[in-house]
1. From the set of residues in the stretch 195-216 that are among the aliphatic types (A, V, I, L, M) and touching a strand residue (DSSP E or B) at 6+ places or on another chain (Cβ under 7 Å), which is surrounded by the fewest Cβ atoms within 10 Å (Cβ to Cβ)?
2. D332: under 22 Å from the mean Cα position of the chain (by Cα), among the acidic types (D, E) and either under 19 Å from F390 (Cα atoms) or in a loop (DSSP other than H, G, I, E, B) (or both), yes or no?
3. Could you tell me which residue of the stretch 176-193 is surrounded by the fewest Cβ atoms within 10 Å (Cβ to Cβ), considering only residues that are without any contact (Cβ under 8 Å) to a residue 24 or more places away in the chain and not in a loop (DSSP other than H, G, I, E, B)?
4. From the set of residues in the stretch 379-388 that are more than 17 Å from Q147 (Cα to Cα) and surrounded by 17 or more Cβ atoms within 10 Å (Cβ to Cβ), which is nearest to the chain's Cα centre (by Cα)?
5. In the stretch 335-352, what residues are part of a loop (DSSP other than H, G, I, E, B) and either surrounded by 22 or more Cβ atoms within 10 Å (Cβ to Cβ) or small (G, A, S) (or both)?
6. Regarding the stretch 140-161, can at least one residue be identified that is charged (D, E, K, R), more than 19 Å from V270 (Cα to Cα) and touching an Asp or Glu at 6+ places or on another chain (Cβ under 7 Å)?
7. May I ask you to list the residues in the stretch 121-162 that are in a loop (DSSP other than H, G, I, E, B) and surrounded by 23 or more Cβ atoms within 10 Å (Cβ to Cβ)?
Amino acid sequence: MEAMARAVLSQPLSCSSPYPLSSLSASTRSYCYFTAATTRIRPPSSPGRIIASAKGKDEANDGDADSTGFNPFGFVTDNPSSRSAIQLPESPAEDGNVGQMLYRIEDKGKEYGSYVKAGKFRWFVRETGSAKSRRGTIVFLHGAPTQSYSYRVVMSELSAFGFHCFAPDWIGFGFSDKPQPGYGFNYTEKEYHEALDKLLDMLGINTPFNLVIQGFLVGSYGLTWALKNQSRISKISILNTPLTVSSPVPGLFQQLRIPLFGEFTCQNAVMAERFIEAGSAYVLKLEKADVYRLPYLSSGGPGFALLEAARKANFNDILSRITAGFASGRWDKPSLVLWGLSDKYLPQSIAEEFQKQNSTTIQLKLIEGAGHMPQEDWPEKVIEALRSFF
């Protein structure tokens, strides 16, 4: 069976395989369909090359994540860590099914975390330090399609320096609740703001706090929340987030907005890890990729939540409000933009343009060697910058 499956999968995605799928067992057919949906045959003209590793990553692949342009198949790829999630094991009948894969990784990635109820929903919130921490509170907000796991190293180290740190998984992401649209939560910006207000109240974060934000979609909602709640914020740091109307929209979010194709895209179990890897020069270690994959592998809920949020978002309107809201004369809170220079989604010019509109309040610090998620690519540099700023 294994030999037959490998022969099928070695062929282009067509009907020319020497082994018709109808001749295979049900489990082998399921594997073939899943792999065909998540593996792209790399054209001979674009071999891709592996370069030296960097902090926090195993390998770097600069041949696969090459542009921000729209590519409808940009997230079906054969990169090493994603491929390892779907390859045939030596004994497929024993440990090659999704249930066994989930059992292997289900307890991973919950460092410093616990579940809390705020309003109608259950949030997964990571916390380090304590309310008695002498240097104040920092709240970390992640972007789509990832989770608060990306902040685990940064918040652990900052708590050692005297900060009380919280990092929630947004509703619909990570390990937090993922309600079905139309049943109490429709994944709109307004609802995300209201849900965050309830969470902060439940956590007892009442005095002005420091805020760290990174990423697309829900990351942008963190910025628009900040614009509505300046009095609650002491300082803010922004890591690689769309900040101006010239910020490009990655192919993933364009795919999600295409009828039917979006439904297919949102159920790609390796979507989150591929999005992370495509945004920088590095490939995730397998144990990290497992955590980013887990919510999407566990059920269809996270994918459909992301789909709904992406389709409800008006990117141009959101970016226009962010640009205007942080302009000189309207925003007066000390702000630090930390920017990974190897970001494949957002060029350095976005950060520079944003900083120029309010140069008296907004500082810009560039991080060499980091991509779209500096907190994952090079947390030591992020920790050093945040410790000094806060």
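The values are calculated or read from the model by the stated rules, or taken from the named source; none is laboratory data. Keep in mind the model is a prediction, meaning the values are calculated, not measured. Because the Cβ atoms are built from the backbone with ideal geometry, glycine has one as well, and the counts that use them run over all protein chains shown.
1. M202
2. No.
3. Checked the stretch 176-193; the qualifying residue surrounded by the fewest Cβ atoms within 10 Å (Cβ to Cβ) is K190.
4. Ranking the qualifying residues of the stretch 379-388, first place goes to V382.
5. Within the stretch 335-352, S342, D343, Y345, L346 meet the criteria.
6. Yes, there is a match, as at least one residue in the stretch 140-161 is charged (D, E, K, R), more than 19 Å from V270 (Cα to Cα) and touching an Asp or Glu at 6+ places or on another chain (Cβ under 7 Å).
7. G129, H142, G143, P145, T146, Q147
Matching residues to (1) in a helix (DSSP H, G or I); (2) within 21 Å of M373 (Cα to Cα):
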| residue | (1), (2) |
| --- | --- |
| N206 | no, no |
| N210 | no, yes |
| G219 | yes, yes |
| T224 | yes, yes |
| S231 | yes, no |
| K235 | no, yes |
| T241 | no, yes |
| S247 | no, yes |
